[in-house]
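The values are calculated or read from the model by the stated rules, or taken from the named source; none is laboratory data. This one's a predicted model, so the numbers in the text were calculated from it and none came from an experiment. Using ideal geometry, Cβ is built from the backbone for each residue, glycine included, and neighbour counts are taken over all protein chains shown. Keep in mind that these areas ignore ligands, DNA and RNA; they rest on the heavy atoms of the full protein, side chains included. Shrake-Rupley method; radii C 1.70, N 1.55, O 1.52, S 1.80 Å.
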Amino acid sequence: MSNQNKKFKILLGCLFYREFTGSEMYVYEVAKSLKELGHDVSIISPNVNGPLNYITQNLGIRVFNFQQIPVQEKFDIIHTQHYPVTEELLKHFSNTPFISSIHSEVLSLENPIVSEKIIKYIAIRPQIKTYITSNFDIDEKNVEIIYNPIDQNRFNLEETITTNSVLFVGTLDYLREKTIFDILNHTKTTNQEFWLVGKNHSTYLPQLLKHPHFRYFTDTREVEKFTKSCGETAGILLGRTTIEGWMCGKKGWIYDVDSRGEIISKNLHEIPNDVEKFYSKNVINQVVKLYHEITK
């Protein structure tokens, strides 16, 4: 078997693996795509009691919690996200090469751990690479920009329609509060509907529900139904919703925010000409290429 055809045994670590949020879906898409390519992949998280866990195990992918860290197993690669999870796994797998994906430049739990055991870092957008190389002792050559993997079989131009609406997908929390209310006011002014899909971890949902143009839906695995039906998307930073919208032919508002959720800027972004770089199959090829590099 040539080195390029080598099948790896990989442990993916993350802080939460329960719901359909950004980093959780990232881990799910990476794991699913790796398994489809024939790799042996498992997931570990201290928080696994939720629907995403069950969906994943039904695919034949093992999911561990932190009460059952598989220290007796030999993995080729540990691919982690989130500071506390990376920190813990480094203690248990000292002889295994690590890759760490960084998902945000505004949340401290996403900050990288600087360790000689971490051979490569993945930044899911260019701004994250700038942030971690500027603020931590990490060499640019050890950071690869590899975008969020999005399932092109779910998010595409098939059966799309355009309605007079703006779609925001994300947890209702402090980080997104000011953005959500800005979208609420914007859509009221433009006579658009505002669709918000996500789990509520806030106290401000009742205020939103007072507005007749606002529609709330709890988090769902089938978010593409909304993406294919909206007029535009909106999201903080360059996240999954924007990319999923582009792949469905929808423009996207991107709000740049700081760690308190204060809005730094907002812009409506046209659909890029190279959306295929976000396809899961293309993203996972880049990830596997990194695996080969660090295990030479």
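Does segment 53-67 contain at least one residue that is aromatic (Phe, Trp, Tyr) and within 26 Å of LEU237 (Cα to Cα)?
At the first step, the residues of segment 53-67 found to be aromatic (Phe, Trp, Tyr) are 54, 64, 66.
The next check asks that each one be within 26 Å of LEU237 (Cα to Cα); those that pass are none.
No; the residues of segment 53-67 include none that is aromatic (Phe, Trp, Tyr) and within 26 Å of LEU237 (Cα to Cα).
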Problem set entry | Yes/no for SER165 being open to solvent by less than 20 Å² (accessible area, probe 1.4 Å), hydroxyl-bearing (Ser, Thr, Tyr) and more than 16 Å from the chain's Cα centre (by Cα) | yes
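Scan segment 47-62 for residues that are closer than 17 Å to VAL85 by Cβ and within 18 Å of the chain's Cα centre (by Cα) and jot them down. Don't jump to the end; show me each part of the working.
So the first thing to find is which residues in segment 47-62 are closer than 17 Å to VAL85 by Cβ, and the list is 47-50, 52-53, 56, 62.
Result: ASN47, VAL48, GLY50, LEU52, ASN53, THR56.
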Problem set entry | Residue selected from segment 56-94 under the condition part of a helix (DSSP H, G or I) and open to solvent by 80 Å² or more (accessible area, probe 1.4 Å), by the criterion farthest from LYS6 (Cα to Cα) | GLN67
Exercise. Which of the residues belonging to segment 33-55 are assigned to a helix (DSSP H, G or I), out of contact with any strand residue (DSSP E or B) (no Cβ under 7 Å at 6 or more places or on another chain), open to solvent by 30 Å² or more (accessible area, probe 1.4 Å) and not acidic (Asp, Glu)?
Worked result: PRO51, TYR54, ILE55
Problem set entry | Hits in segment 136-151 (condition: more than 15 Å from the chain's Cα centre (by Cα) and either open to solvent by less than 90 Å² (accessible area, probe 1.4 Å) or in contact (Cβ under 8 Å) with a residue 24 or more places away in the chain (or both)) | PHE136, ILE138, ASP139, ASN142, VAL143, GLU144
Exercise. Do we have THR130 as farther than 30 Å from LYS32 by Cα and assigned to a helix (DSSP H, G or I) here?
Worked result: no
For this session: Select, from TYR28, TYR17, the only residue that is at pLDDT below 95, hydroxyl-bearing (Ser, Thr, Tyr) and open to solvent by less than 10 Å² (accessible area, probe 1.4 Å).
Result: TYR17
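Would you mention how many residues in segment 101-122 are more than 20 Å from PHE20 (Cα to Cα) and either assigned to a loop (DSSP other than H, G, I, E, B) or free of Cβ contacts under 8 Å to residues at least 60 places away in the same chain (or both)?
So the first thing to find is which residues in segment 101-122 are more than 20 Å from PHE20 (Cα to Cα), and the list is 105-106, 108, 111-122.
Next, only the ones that are either assigned to a loop (DSSP other than H, G, I, E, B) or free of Cβ contacts under 8 Å to residues at least 60 places away in the same chain (or both) stay: 105-106, 111-118, 121.
Residues meeting the conditions: 11.
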For this session: Output yes when any residue across segment 19-32 is part of a helix (DSSP H, G or I), in contact with a Lys or Arg (Cβ under 6 Å, 6 or more places away or on another chain) and touching a residue at least 60 places away in the same chain (Cβ under 8 Å), and no when none is.
Result: yes
Problem set entry | segment 249-268, residues that are more than 18 Å from PHE194 (Cα to Cα) and either free of Cβ contacts under 8 Å to residues at least 40 places away in the same chain or open to solvent by less than 20 Å² (accessible area, probe 1.4 Å) (or both) | ASP256, VAL257, GLY261, ILE264, SER265
Seminar exercise, completed: Of the residues in segment 269-293 that are in contact with a Lys or Arg (Cβ under 9 Å, 6 or more places away or on another chain) and outside any helix (DSSP H, G or I), the one that is surrounded by the fewest Cβ atoms within 10 Å (Cβ to Cβ) is GLU270
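Within segment 173-189, does at least one residue satisfy the condition of being in a strand (DSSP E or B) and either at pLDDT 95 or above or surrounded by 13 or more Cβ atoms within 10 Å (Cβ to Cβ) (or both)?
Step one: list which residues in segment 173-189 are in a strand (DSSP E or B), which gives none.
No, that holds for no residue.
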Exercise. What is the number of the single condition among (1) over 16 Å from ASP256 (Cβ atoms); (2) hydrophobic (A, V, I, L, M, F, W, C); (3) surrounded by fewer than 22 Cβ atoms within 10 Å (Cβ to Cβ) that TRP195 does not meet?
Worked result: (3)
For this session: Search segment 45-73 for residues that are over 13 Å from LYS35 (Cα atoms) and pair each with any residue that is among the hydroxyl-bearing types (Ser, Thr, Tyr) and part of a helix (DSSP H, G or I) when their beta-carbon atoms are under 8 Å apart and the residues are at least 6 apart or on different chains.
Result: LEU52/TYR28; ILE55/TYR28; VAL63/THR56
